[in-house]
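Here is the structure we will look at, set down as structure tokens.
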Amino acid sequence: MTAIPDDERCYDVVIVGAGFAGGILAKELVSEGHSVLILEAGEDHGKTWETYRSYLDQYYLSLAKTPNSPYPNLPTLPSPSVLDITAVRGTEPDTNGYFVQRGPLPFGSNYLMAYGGTSLHWLGTSLRMMPADFEMQSRFGLGVDWPFKYDDLKKDYERAEWEIGVSADAVEQTPKALGIKTSGPKDSNDYFAKDYDYPMHSIPSSYVDEFFARADGMAIEVGEDASDTVHLKVSRTPQGRNSTPRSPKNGQGIPVGDEVRKQFQPRGATGPFAYMGQRCEGNSSCIPICPIQAKYNAMKTLEDANHIGKSLMETITQAIASKVELDENGRVSGITYKKYPFPGVPQYELRRARGKHYVLAGGAVENVTLALASGICKSSDELGRNLMDHPYMMTWGAAPEPVGPFRGPGSTSSYANFRDGGFRDKTAAFRLEIGNWGWNFAAGSPNSDVARLVEQENLYGSALRDKLYHDVQRQVRLGTLVEQLPRSTNRITIDPAYRTPMGEYRPVISYDLDDYSRAGLAAAYEACVRIFQRLGIKNHTAYSPSDAGYFTYEGKGYTFFGAGHLVGTHRIGTHKSNSVTNDQMRSWDHDNLWLVGAGSMPTIATSNPTLTLSAMVYRAARAITAAVREGGAK
Ligand SMILES: Cc1cc2nc3c(=O)[nH]c(=O)nc-3n(C[C@H](O)[C@H](O)[C@H](O)COP(=O)(O)OP(=O)(O)OC[C@H]3O[C@@H](n4cnc5c(N)ncnc54)[C@H](O)[C@@H]3O)c2cc1C
Ligand code: SF4
């Protein structure tokens, strides 16, 4: 067998993956003077405005504007696609897409293998978790507690909000201001540190938001035997997209982490056209692509890391990390990667990257397939288990008057009232996101409306235009994001029978919804129906047993999709018997290995996970810095 050539340079830290987690970590580490190598499996289009345009061109040409539609999907480096999701029937797994789906329900989420990672097509919703979300076992006897509490992450949330550039107003975002009857009486106190505020003001509410706000104050019962009463309130959602920077009070700075920061400078597109995208201008295509990069993507942080790091920072793209190698003491001695010169062609050169410390930042699924393929992190048997997502259920209808959909970001507000409460002992918490893009996700509007009116109603010319205007202007949609509990049977494994043309393992996924989440989805549906009735919205929601994500609860049928929020597969914990890493994301088994990203989160609760995973990366970065300085000793 030919020996694999080692890369010449040995870095302080080798990171796998150039997404949110890899980007923020690299920036932190080079800022501390450490040398960093990033191995990124995907291509590096998007590094400059000219190459970013190739994504846009592809987006304009795509018929189905799915999350991955603008980006390369190479047979040699497949990304999971929502178009591949089908029902898992019988005992044979569904191997239709990149995921091998063992069911019983399909795992409907996706991500992106490209420089910048899934940040290229995320929506930008940037919520903090609730204090209760860190204490699910203590408060409700469910799931697990985190090894630290909300307060321990508060300063890192601040850092992450200023890195991503989150637009929101702190005064509107405390649990109390959101109208959440928290399960702990003091949860709303000190939710934000004194004088802290987000870097930019809230994105303005849409007309659709204002229409839904007419139901504010309405009482809705939730929980087993209607145990809790919730009073509705529409509130604006913190978002990682540029609005108006906040002026620090009295000319003083704003305390962020342990520093005082001056006014935030919104960052535009990466590359030489850096002035573009300084404000969200409502192009309404955040998923799958923001044409002007007003929405945050990880390429901005990576650009900073390159700028700060200079010769300390190197990135090798088109480099698939294939195996984590161990020495005789169980420490990582290198990462073998496949460097491919021609995208789509299964030819590559095998090389080995060397560092003092190694970090897996490839996302909750890819971190696990790489670790399983390498035979590492075995002692707890938790690796790959506890896969969670936000099962996403839509309800849609026709408002009694025009409400101006298809303007602005995909969602600007939600009913956050159901994110916590005593009802969580039996019923999963949820958030009702107000959609700004009509029935786009729900029914393929407006294209499907044109097809229906032409083919079924035989309309054309001004009659077609008038009817389209009438129908589309009234389209409303609520999206439920419900929490899942960690379940050991929801898991990722690998199987030598399923590999990519490059010889890499494909993720084999077993996934189901337990009664806790199903009860939450059923309660959310009832809440949506009540809101529709109050606002005079005609309900057009239709769930069919032929839908891939169809499930039943207490005799009624519903349909769910994935939210792209992949969480829990290499969770942090208090001991090597209950977790894959410690609370600083350092492997229990391999002294110089770290796993970061949403896979580290022990519970998912109701917040979209990226702000939390980013905050956790700051925690890991401090520990890695200390470990590099100590020379790696524990
Ligand atoms: C449609 C959609 C919308 C979303 N919207 C939101 C939202 O509004 N708010 C929110 O909080 N979250 C959202 N998410 C989730 C969010 O995108 C993820 O939580 C986030 O991207 C995870 O960051 P990450 O850095 O861990 O992984 P990623 O962003 O997926 O980056 C991982 C990187 O690692 C690379 N990589 C993987 N394996 C290897 C390997 N073996 N070798 C080399 N490189 C590798 C990949 O190519 C990729 O570049 C959304 C997701 C989707 C799909
Ligand atoms: S609404 Fe438009 S400009 Fe604003 S973030 Fe979305 S795509 Fe970008």
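Laboratory data are not the source of any read-out in this text; all were calculated from the coordinates shown. Just so it is clear, the model here is predicted, and its values are computed rather than measured. Neighbour counts are summed over all protein chains in view; Cβ atoms, including those assigned to glycine, are modelled from backbone coordinates with ideal geometry.
Here are the numbers for the structure shown:
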| quantity | calculated |
| --- | --- |
| Shape category assigned to the chain from the gyration tensor of Cα positions, a/c cut at 1.5 | rounded |
| Point-charge dipole on Cβ atoms (K/R +1, D/E -1) for the chain, about Cα centre, debye to 20 | 660 |
| Lys/Arg +1, Asp/Glu -1 at C-beta; the chain dipole; positive extreme among SER577, SER614, PRO400 | PRO400 |
| Centroid-to-centroid separation of segment 83-160 and segment 166-192 [C-alpha atoms, Å] | 23 |
| Mean ellipticity per residue at 222 nm, deg cm²/dmol - from DSSP H runs of n ≥ 4 across the chain, formula -39500 (n - 2.57) | -7000 deg cm²/dmol |
| Unit charges on C-beta of K, R, D, E only; dipole of segment 267-331, Debye | 340 |
| Ratio Rg/Rh, restricted to segment 351-467 and using Cα atoms, in which Rh is the Kirkwood radius | 1.19 |
| Kirkwood Rh and Cα Rg combined as Rg over Rh, evaluated for segment 568-634 | 0.98 |
| Translational diffusion coefficient (Stokes-Einstein; Kirkwood radius from C-alpha pairs) of segment 509-634 at 20 °C, 1.002 mPa s, in µm²/s | 121 |
| Selected from SER510, VAL234, HIS390, residue furthest toward positive end of dipole (the chain; charges at beta carbon) | VAL234 |
| Mean separation of Cα contacts under 8 Å (6+ apart) over length of the chain, as relative contact order % | 21 |
| Cα-centred dipole magnitude for segment 320-430, charges only on beta-carbon of K, R (+1) and D, E (-1), debye, nearest 20 | 400 |
| For segment 522-573 versus segment 249-313, the gap between their alpha-carbon centres in whole angstrom | 34 |
| Exposure proxy ranking, count of Cβ atoms within 10 Å, fewest first, for LYS186, LYS467, LYS149, LYS47 | LYS186, LYS149, LYS467, LYS47 |
| Protection-proxy order for peptides 135-144, 204-213, each taking the mean of Cβ atoms within 10 Å per residue, highest first | 204-213, 135-144 |
| Sequence ranges 408-420, 188-200, 576-588, ranked by mean other-Cβ count within 10 angstrom, highest first | 408-420, 576-588, 188-200 |
| Cα gyration tensor shape of segment 1-102, rounded if a/c is under 1.5, else prolate or oblate by comparing a/b with b/c | oblate |
| Charge context of GLY479, other residues only, Cβ under 14 angstrom, K/R +1, D/E -1 | -1 |
| Per-residue Cβ neighbour rank within 10 angstrom, fewest leading, GLU221, GLU28 | GLU221, GLU28 |
| Positive-pole candidate from LEU593, VAL567, VAL628, dipole of segment 524-634, charges at beta carbon | VAL628 |
| Cα gyration tensor shape of segment 102-226, rounded if a/c is under 1.5, else prolate or oblate by comparing a/b with b/c | rounded |
| Pairs of lysines in segment 130-260 (C-alpha under 24 Å apart; 8 or more residues apart or interchain) | 22 |
| Charge sum, other residues only, whose C-beta stays under 12 Å from LYS27's C-beta, Lys/Arg counted +1 and Asp/Glu -1 | -3 |
| Residue exposure sequence - ASP7, ASP151 - by fewest surrounding Cβ within 10 Å | ASP151, ASP7 |
